1. Does the stretch 86-106 contain at least one residue that is free of Cβ contacts under 8 Å to residues at least 24 places away in the same chain and assigned to a helix (DSSP H, G or I)?
2. Give me a count of the residues in the stretch 17-49 that are under 13 Å from TRP85 (Cβ atoms) and loosely packed, with under 15 Cβ neighbours inside 10 Å.
3. Could you tell me whether any residue of the stretch 39-55 is charged (D, E, K, R), touching a helix residue (DSSP H, G or I) at 6+ places or on another chain (Cβ under 8 Å), in contact (Cβ under 8 Å) with a residue 12 or more places away in the chain and assigned to a helix (DSSP H, G or I)?
4. Anything in the stretch 1-33 that is touching a helix residue (DSSP H, G or I) at 6+ places or on another chain (Cβ under 8 Å) and either closer than 14 Å to PHE78 by Cα or among the small types (Gly, Ala, Ser) (or both)? List them, or say none.
5. Considering only the stretch 9-55, state which residues are basic (Lys, Arg) and either within 15 Å of the chain's Cα centre (by Cα) or closer than 18 Å to ALA65 by Cβ (or both).
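What follows draws every value from the coordinates through simple rules; no lab data is involved. None of these values were measured; they are calculated from a predicted model. All Cβ positions, even for glycine, are placed from backbone atoms using ideal geometry, and neighbour counts span all protein chains on display.
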Amino acid sequence: MSLITRMKTTARMSAINICNGIVYLAGQVGSPDDAELKEQAQNMLAKIDSLLEEAGSSREHMLSATIILRDMKDFAAFNEVWDAWVVEGHTPARACIEGHLAREKVLCEICVIAAQK
């Protein structure tokens, strides 16, 4: 029996890995067709909700979030979306950095670690 459960696995990566009740999500991005940062962030967070649910977790169970913004000028706009999404009293440890992302139109990416319910 494997200690690790892998879900939505391709040759390159798994979207979800679960080990000892801890859920690790691959980096998620919003639709690059959404031109605005806020739209991409909302789309991205909806994907995270769906993946966490599939893994038996939720945003209330997030332990850590690493956020990558293409440009730190979007920090305040991202935080507006983030603050409306996270559950008060259940906010994860968080880092937010600026970085080059895989595609030019992608403005933000997030990696989440959460506990299962």
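1. no
2. 2
3. So the first thing to find is which residues in the stretch 39-55 are charged (D, E, K, R), and the list is 39, 47, 49, 53-54.
Those still in the list that are touching a helix residue (DSSP H, G or I) at 6+ places or on another chain (Cβ under 8 Å) too: 49.
Still in the list and also in contact (Cβ under 8 Å) with a residue 12 or more places away in the chain: none.
Within the stretch 39-55, none of the residues are charged (D, E, K, R), touching a helix residue (DSSP H, G or I) at 6+ places or on another chain (Cβ under 8 Å), in contact (Cβ under 8 Å) with a residue 12 or more places away in the chain and assigned to a helix (DSSP H, G or I).
4. ALA15, VAL29, GLY30, SER31
5. Residues of the stretch 9-55 basic (Lys, Arg): 12, 38, 47.
Scanning the stretch 9-55 gives LYS38, LYS47.
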